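The values are calculated or read from the model by the stated rules, or taken from the named source; none is laboratory data. Just so you know, these numbers come straight off a predicted model, no measurement behind them. FYI the Cβ positions are ideal-geometry reconstructions off the backbone, even for glycines, and counts take in every protein chain you see.
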Amino acid sequence: MKKAKLLLLFISILLVSSCAIKLVSDYDQDTVNKIVEISKMVDLFYLNLVENESLERNYNKFAEDYKLIEVEIRALTLMNKMRPQNEDSIKNSVNLLTNWIEIKNEHRQSDSYDIDVAEIDEEILQDQLLELAKKEMAKQ
Amino acid sequence: MDFNSIFSDLFNAMTAEFKDEAPKIKDQLLYILENNKSIIEKITNKLVNGKITPEQYEKLLKRNMRKIEDQMSTVNVMKKKAIQDAVNAGIDILRKAMKLV
């Protein structure tokens, strides 16, 4: 009985205040554009990596690209953080950033990048970007 | 190597992690794990064939687990949006009904 009264009160407040409930942030086209942009950069990064022979895949050759992509992922994370009710997308972009930094650090430490590892890494990163895009599309 | 047994262990480990929430998310967890079968098989085959080291294997699995977490949270967003739309549609109907009175 008490619960029913509380529910009635809640609905009345919503009706009187004429506000809708909001559980997820609004769809944002700029975020989708940024995700597509990062996906293209990651794709290009791995295409360049695969083109090089094993001995030529040293870290310095790719250091600049690592930085450029990291900056873009950080910008995407900020864009997600700026929007209220957006925790799932924030966590997704933080997970993407964590994976990217981990890959960069491993490449820097070993000064090499095995093609067998790179092939899986690219698949994982692109899947994470796809999940970010799917989240955004679900908000429409 | 018995992948079905590996997946069964993985599913049990993950549902144990989610504890009380496990029965509610069992179906989506199974669906996402099914979608990840091919990549986990690929990573495991690379280990078995000596193309990657056990250390690299663990790192790749860890990165893939982060992706699985992202896939789970996409389902979460879809559910939240469906609830949001349903509740707001209900509020709209009630509001219109009140105006009619």
Query raised in the report: Which residues, taken from the stretch B:43-63, are facing chain A (nearest Cβ under 9 Å), part of a helix (DSSP H, G or I) and over 21 Å from A:Leu96 (Cα atoms)?
Result: B:Lys46
**Report entry** A:Asn80 being within 10 Å of the chain's Cα centre (by Cα), within 23 Å of B:Glu55 (Cβ to Cβ) and crowded, with 20+ Cβ neighbours inside 10 Å
**Finding:** no
Query raised in the report: If you scan the stretch A:116-132, which residues turn out to be more than 7 Å from every other protein chain (Cβ to nearest Cβ), crowded, with 18+ Cβ neighbours inside 10 Å and under 11 Å from the mean Cα position of the chain (by Cα)?
Result: A:Leu125, A:Leu129, A:Leu132
Query raised in the report: Residue check: is B:Ile6 modelled with pLDDT under 90 and surrounded by 13 or more Cβ atoms within 10 Å (Cβ to Cβ)?
Result: yes
Report task. Please give the number of the condition A:Glu136 fails out of (1) in a helix (DSSP H, G or I); (2) out of contact with any Phe, Trp or Tyr (no Cβ under 7 Å at 6 or more places or on another chain). Result -> (2)
Query raised in the report: Just one of A:Asp65, A:Asp43, A:Asp111 is of a type in the set (Asp, Glu), surrounded by fewer than 20 Cβ atoms within 10 Å (Cβ to Cβ), more than 8 Å from every other protein chain (Cβ to nearest Cβ) and at positive phi; which is it?
Result: A:Asp111
Query raised in the report: Within the set of pairs 6 or more residues apart or between chains, which connect a residue that is more than 7 Å from every other protein chain (Cβ to nearest Cβ) inside the stretch B:64-81 to a residue that is among the small types (Gly, Ala, Ser) and surrounded by fewer than 21 Cβ atoms within 10 Å (Cβ to Cβ) with Cβ atoms less than 6 Å apart?
Result: none
**Report entry** Matching residues, the stretch A:49-60, being surrounded by 14 or more Cβ atoms within 10 Å (Cβ to Cβ) and in a helix (DSSP H, G or I)
**Finding:** A:Leu49, A:Tyr59
Query raised in the report: Taking the stated definitions as given, is A:Lys139 within 12 Å of chain B (Cβ to nearest Cβ), farther than 24 Å from B:Leu33 by Cβ and in contact (Cβ under 8 Å) with a residue 40 or more places away in the chain?
Result: yes
